[in-house]
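Step one of this worksheet: look at the structure below.
What follows draws every value from the coordinates through simple rules; no lab data is involved. Not measured: the values here are computed from a predicted model. When we count neighbours, we look across all protein chains shown, and the Cβ atoms used for this are built from the backbone with ideal geometry, even at glycine.
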Amino acid sequence: MIFLYSFIFCGLVCLIGQIILDNTTFTPGHVTGLFVVIGAFLDSFGLYDKFIKWFGAGACVPITSFGHSLIHGALKAAEDKGLLGLLGGMFSLTSVGIVAAIVFGFILTMIFKARD
Amino acid sequence: MNKERYKEITDRIVPKEDKLKNGITAFIIGGLIGLIGEIIVFVLEKEFNVPNKDATSIMIVILIFIASVCTALGFFDNLVSKAKAGLIVPITGFAHAMTSSMIDYKKEGLITGIGANAFKLTGSVILYGVVSAYIFGTIRYLFFGG
């Protein structure tokens with residue numbers, strides 16, 4: 001059943017993104033930036049944690065989970081180290097995605113050429 | 001008269017239908033990516049006994065790797081123009097933006113090309129994500145006790 005929930009949640013997030021793209025002058029960059037901020041906002045009430053519990057990977061795949069991971073890591077570190085932890089723990093959960101994107105992107109850029 | 005009326009009706013209907021089609025495509029493609037992610041997590045947990053947190057991270061790495069390879073091979077742009085937000089909103093869009101901005105500026109050199117432009121598209125995601133997370137985190141920490 002969690003497969004269906006994943007499908008529906010991830011699909012709905014993408015649908016909202018598509019509706020914003022179609023009906024406003026926003027570019028994909030605006031939409032992804034907006035979604036990250038929304039994700040961080042939702043997690044400041046602990047709401048996004050519940051989404052992940054209910055929808056599994058469906059809530060981890062959209063870019064909103066990037067904002068969620070940023071604030072989640074920061075708050076976790078803040079429990080131990082206070083305000084310094086907010087700065088230090090910010091990337092503790094997201095670094096997997098960012099580093100993977102940078103490293104794979106760079107290696108593949110070295111191998112392949114621009115098409116055109 | 002009849003023709004004009006017909007045109008009026010189609011003008012009113014066609015763009016709407018297009019938006020509907022875009023929405024449905026984005027919903028299905030985006031949903032499929034979520035489903036693939038969930039299947040990867042499920043397989044990793046059941047077959048390889050990976051803990052849930054690690055399985056999610058591995059799933060994200062796999063999706064980023066697939067998206068980066070597709071971008072480097074050059075057919076991800078076509079997929080995005082068809083699936084639209086269905087591929088932009090998931091983490092695949094992040095990997096695509098990163099790899100494509102690096103590849104596009106490769107001919108300008110390692111530093112002024114790749115180095116300077118790597119975060120051209122993803123920079124906004126990281127910048128606004130970090131700033132908003134810091135502000136919301138500070139509010140939560142100071143006023144609601146972490």
Which three extents, in whole angstrom, do the alpha-carbon atoms of the protein assembly as shown cover along their principal axes, largest first?
-> 75, 45, 40
Residue B:20 and residue B:139 label points (each 7 Å along its Cα→Cβ direction) are spaced in nm at 3.9
Per residue of chain A, what 222 nm ellipticity follows from adding -39500 (n - 2.57) for every DSSP H run with n ≥ 4, rounded to the nearest 500?
-> -25000 deg cm²/dmol
Quick one: grab Rg to one decimal and Dmax as a whole number for segment A:2-111, Cα atoms only, in Å.
-> 15.5, 45
Lys/Arg +1, Asp/Glu -1 at C-beta; the protein assembly as shown dipole; positive extreme among B:62, B:118, A:71 = B:118
Between residue B:54 and residue A:80, the FRET efficiency computed from the C-beta separation at R0 = 25 Å comes out, to the nearest 0.05, as 0.70
Just add up the charged neighbours of residue A:52: K/R +1, D/E -1, any other residue whose Cβ is under 11 Å from the Cβ of residue A:52.
-> +1
What are the extents of the Cα atoms of segment B:2-104 along their three principal axes, listed from largest to smallest and rounded to whole Å?
-> 67, 34, 16
In a Debye calculation with equal point scatterers on the alpha-carbon sites of segment A:1-64 and no solvent, what is log10 I(q)/I(0) at q = 0.16, 0.19 Å⁻¹?
-> -0.53, -0.72
Partner chain coverage, peptide B:93-100 - average Cβ within 10 angstrom = 6
Within chain A, which complete DSSP H helices have Cα atoms spanning at least 18 Å along the helix axis and a mean Kyte-Doolittle hydropathy of -0.5 or higher?
-> A:2-23, A:28-43, A:64-81, A:95-111
Would you tell me the mean number of C-beta atoms belonging to other protein chains that fall within 10 Å of each C-beta in B:74-81, as a whole number?
-> 1
Listing B:8, B:38, B:45 from the residue with the fewest other Cβ atoms within 10 Å to the one with the most, what is the order?
-> B:8, B:45, B:38
Roughly what angle does helix B:91-104 make with the longest principal axis of chain B, taking Cα atoms, 0 to 90 degrees, to the nearest 10?
-> 90
Around residue B:50, which amide H atoms from residues at least 5 apart in sequence, or from another chain, sit under 5 Å from its own amide H, with H modelled in the peptide plane?
-> B:45
Provide the three semi-axes, in whole Å and in decreasing order, of the ellipsoid equivalent to segment B:60-146 as defined by the square roots of 5 times the Cα gyration tensor eigenvalues.
-> 30, 18, 10
Can you spot the aspartates and glutamates whose alpha carbon is less than 19 Å from residue B:84's alpha carbon? Ignore those fewer than 8 places along the same chain.
-> A:22, B:17, B:18
Compute the distance in nm between two label points, each set 7 Å from the Cα along the Cα-to-Cβ direction, one at residue A:24 and one at residue B:7.
-> 3.4
Listed with the fewest Cβ neighbours within 10 Å leading, A:25, B:112, B:138, B:56 appear as A:25, B:112, B:138, B:56
Using alpha carbon centers only, segment A:56-113 is separated from segment B:74-119 by a whole-angstrom value of 18
Could you put B:64, B:91, A:19, B:33 in order, starting from the residue whose Cβ has the fewest other Cβ atoms within 10 Å?
-> A:19, B:91, B:64, B:33
Hey, rough spin-label estimate for residue A:2 and residue A:95, points 7 angstrom out along Cα→Cβ, what's it come to in nanometres?
-> 2.7
